[in-house]
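Engineer: This is the structure I want to talk about, given as structure tokens.
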Amino acid sequence: MKLDATLSAVVTGGASGLGAATARRLAAQGVRVAVFDMNEALGLALAGEIGGVFCRVDVCVDAEVDAAFAQARAAHGQERILVNCAGTGSPGKTASRDRKTGAIRHFPLAEFERIVQINLIGTFRCIAKSAAGMLTLPALEGGERGAIISTASVAAVDGQVGQAAYSASKAAIVGMTLPIARDLMEEGVRVNTILPGLFDTPLLATLPEEVRASLAAMVPFPKRLGQPEEFAQLAVQMIENGYFNGESVRLDGGIRMAPR
């Protein structure tokens, strides 16, 4: 799919980090971009910067997702590109013992459900609604109607201590990538997933410099954190390359995460 001003895109979690880098890169190539996010201040600022539209949306709420797609399509027309970057995570062992008191506790089930709702179900909700819209479009040359990219994590396969909820949600994104690609193959919609490793996102920016340096040293090569622009570059390659379909690709400098 050739990126130009005839195309529109939706980027969820697009106000910062990997999503913002992807939104900027798409806009730089002429694509009309709608930024879906809960952070109104950052979202409006980015939309203004790239000449796009901001849609405040919680991907866990069906009505908000419907309203956001309606707003984006009113501004830019039906999207042919969807990039899912909305996600969250919080650490905690499945069950653990307090070293001081000996008290035993388990990971809060409500928190497990929240993470799965945002990362997995939120991703699928946006895919299903976007794909249904893409099916209304005429096919481009070669029969293509759209391209969808989701964001998993190396934690999907290298989950560390305390990452059960996060890893489960990201592994499920990988698990549904090929079936969704097969669901949509006769309609000309391609579906792929990126598994980023250690990236220099706003979350990692809050860590002390010595911790960031330690994380960077874990990467085989290059020994640094990944840059959001590198994620965006792969996302664009997946969109532009018409033979890229049904794949889940690590982008991690060769890292394989240790247990902790």
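The values are calculated or read from the model by the stated rules, or taken from the named source; none is laboratory data. Predicted model, so just to flag it, every value in this text is computed and none were measured. No Cβ is skipped: glycine too gets one built from the backbone with ideal geometry, and neighbour counts run over all protein chains shown.
Engineer: Suppose we filter V236, V161, V174 for residues that are hydrophobic (A, V, I, L, M, F, W, C), more than 22 Å from N119 (Cβ to Cβ) and out of contact with any Gly (no Cβ under 9 Å at 6 or more places or on another chain); which single one remains? Steps first, please.
Structural biologist: Values: V161 fails: more than 22 Å from N119 (Cβ to Cβ); V174 fails: more than 22 Å from N119 (Cβ to Cβ).
On inspection, the qualifying residue turns out to be V236.
Engineer: Determine whether the stretch 83-99 contains at least one residue that is farther than 26 Å from Q160 by Cα and touching a Lys or Arg at 6+ places or on another chain (Cβ under 8 Å).
Structural biologist: No, the stretch 83-99 has no match at all.
Engineer: Further question: Of all residues in the stretch 177-199 being under 17 Å from the mean Cα position of the chain (by Cα) and surrounded by fewer than 19 Cβ atoms within 10 Å (Cβ to Cβ), which is farthest from R80 (Cα to Cα)?
Structural biologist: From the stretch 177-199, those under 17 Å from the mean Cα position of the chain (by Cα) are 177-178, 180-181, 190-199; that's our starting set.
From what is left, the residues that are surrounded by fewer than 19 Cβ atoms within 10 Å (Cβ to Cβ) are 178, 181.
Working: L178: 19, A181: 15 Å.
For the stretch 177-199, the residue satisfying everything is L178.
Engineer: Mind listing whichever residues of the stretch 1-20 are in contact (Cβ under 8 Å) with a residue 60 or more places away in the chain, buried (at least 24 other Cβ atoms within 10 Å of the Cβ), at negative phi and assigned to a loop (DSSP other than H, G, I, E, B)? Steps first, please.
Structural biologist: Start the filter on the stretch 1-20 by keeping residues that are in contact (Cβ under 8 Å) with a residue 60 or more places away in the chain, which leaves 1-3, 7-14, 16-20.
When the remaining residues are screened for being buried (at least 24 other Cβ atoms within 10 Å of the Cβ), the result is 9-14, 18-20.
Add one more test, that the residue is at negative phi, and what stays is 9-12, 14, 18-20.
Within the stretch 1-20, G14 is the sole residue that qualifies.
Engineer: Determine, yes or no, whether P220 is part of a helix (DSSP H, G or I) and either in contact with a Phe, Trp or Tyr (Cβ under 9 Å, 6 or more places away or on another chain) or surrounded by fewer than 18 Cβ atoms within 10 Å (Cβ to Cβ) (or both). Steps first, please.
Structural biologist: Details: part of a helix (DSSP H, G or I): no; either in contact with a Phe, Trp or Tyr (Cβ under 9 Å, 6 or more places away or on another chain) or surrounded by fewer than 18 Cβ atoms within 10 Å (Cβ to Cβ) (or both): yes.
When the stated conditions are applied, P220 does not pass them.
Engineer: Let me ask another. Any residue in the stretch 106-118 that's under 17 Å from V59 (Cα atoms): show its pairings with residues that are aromatic (F, W, Y) at Cβ separation under 9 Å, as long as the two are six or more apart or on different chains.
Structural biologist: Every condition considered, the pairs that remain are I115/Y166.
Engineer: Can you name the residue in the stretch 118-139 that is buried (at least 16 other Cβ atoms within 10 Å of the Cβ) and of a type in the set (S, T, Y) and is also nearest to the chain's Cα centre (by Cα) among such residues?
Structural biologist: Here the residue is T123.
Engineer: If you don't mind, there's one more thing I want to ask. Within the stretch 136-155, identify whether any single residue is within 29 Å of E186 (Cα to Cα), of a type in the set (A, V, I, L, M, F, W, C), in a helix (DSSP H, G or I) and modelled with pLDDT of 95 or more, and answer yes or no.
Structural biologist: Our first condition is that a residue be within 29 Å of E186 (Cα to Cα); within the stretch 136-155, this holds for 136-153.
Applying the additional criterion that residues be of a type in the set (A, V, I, L, M, F, W, C) yields 137, 139-140, 147-149, 152.
Subsequent filtering for residues that are in a helix (DSSP H, G or I) retains none.
There is no residue in the stretch 136-155 that is within 29 Å of E186 (Cα to Cα), of a type in the set (A, V, I, L, M, F, W, C), in a helix (DSSP H, G or I) and modelled with pLDDT of 95 or more.
Engineer: Of all residues in the stretch 145-178, which are in contact with a strand residue (DSSP E or B) (Cβ under 7 Å, 6 or more places away or on another chain) and farther than 30 Å from P108 by Cβ? I'd like the intermediate steps shown before the answer.
Structural biologist: Initially, the stretch 145-178 is screened for residues in contact with a strand residue (DSSP E or B) (Cβ under 7 Å, 6 or more places away or on another chain), giving 145-154, 156, 173-174, 177.
R145, G146, A147, I148, I149 - these are the residues of the stretch 145-178 that are in contact with a strand residue (DSSP E or B) (Cβ under 7 Å, 6 or more places away or on another chain) and farther than 30 Å from P108 by Cβ.
Engineer: Sticking with this one: Considering each of G17, G87, G13, G52 in turn, give the residue that is closer than 30 Å to P259 by Cα and in contact with a Leu (Cβ under 8 Å, 6 or more places away or on another chain). Full working, then the answer.
Structural biologist: Working: G87 fails: in contact with a Leu (Cβ under 8 Å, 6 or more places away or on another chain); G13 fails: in contact with a Leu (Cβ under 8 Å, 6 or more places away or on another chain); G52 fails: closer than 30 Å to P259 by Cα.
Exactly one residue qualifies, and that residue is G17.
Engineer: Going through the stretch 73-117 one residue at a time, which ones are exposed (fewer than 11 other Cβ atoms within 10 Å of the Cβ) and part of a loop (DSSP other than H, G, I, E, B)?
Structural biologist: Once the filter is applied, which keeps residues that are exposed (fewer than 11 other Cβ atoms within 10 Å of the Cβ) and part of a loop (DSSP other than H, G, I, E, B), the stretch 73-117 yields D98, R99, K100, T101, G102, A103.
Engineer: Kindly check whether there is at least one residue in the stretch 88-101 that is within 15 Å of the chain's Cα centre (by Cα) and among the aliphatic types (A, V, I, L, M). Steps first, answer last, please.
Structural biologist: So the first thing to find is which residues in the stretch 88-101 are within 15 Å of the chain's Cα centre (by Cα), and the list is 88-89.
In the following step, the residues that additionally are among the aliphatic types (A, V, I, L, M) were identified as none.
Looking for residues that are within 15 Å of the chain's Cα centre (by Cα) and among the aliphatic types (A, V, I, L, M), one finds none in the stretch 88-101, hence no.
Engineer: Can you work out which of the residues in the stretch 228-260 that are in contact with a strand residue (DSSP E or B) (Cβ under 8 Å, 6 or more places away or on another chain) and assigned to a loop (DSSP other than H, G, I, E, B) is surrounded by the most Cβ atoms within 10 Å (Cβ to Cβ)?
Structural biologist: Of the stretch 228-260, the ones in contact with a strand residue (DSSP E or B) (Cβ under 8 Å, 6 or more places away or on another chain) are 228, 230-231, 234-235, 238-239, 242, 244-253.
Filter again for assigned to a loop (DSSP other than H, G, I, E, B), leaving 242, 244-247, 252-253.
Numbers: G242: 16, F244: 17, N245: 18, G246: 16, E247: 14, D252: 20, G253: 18.
Ranking the qualifying residues of the stretch 228-260, first place goes to D252.
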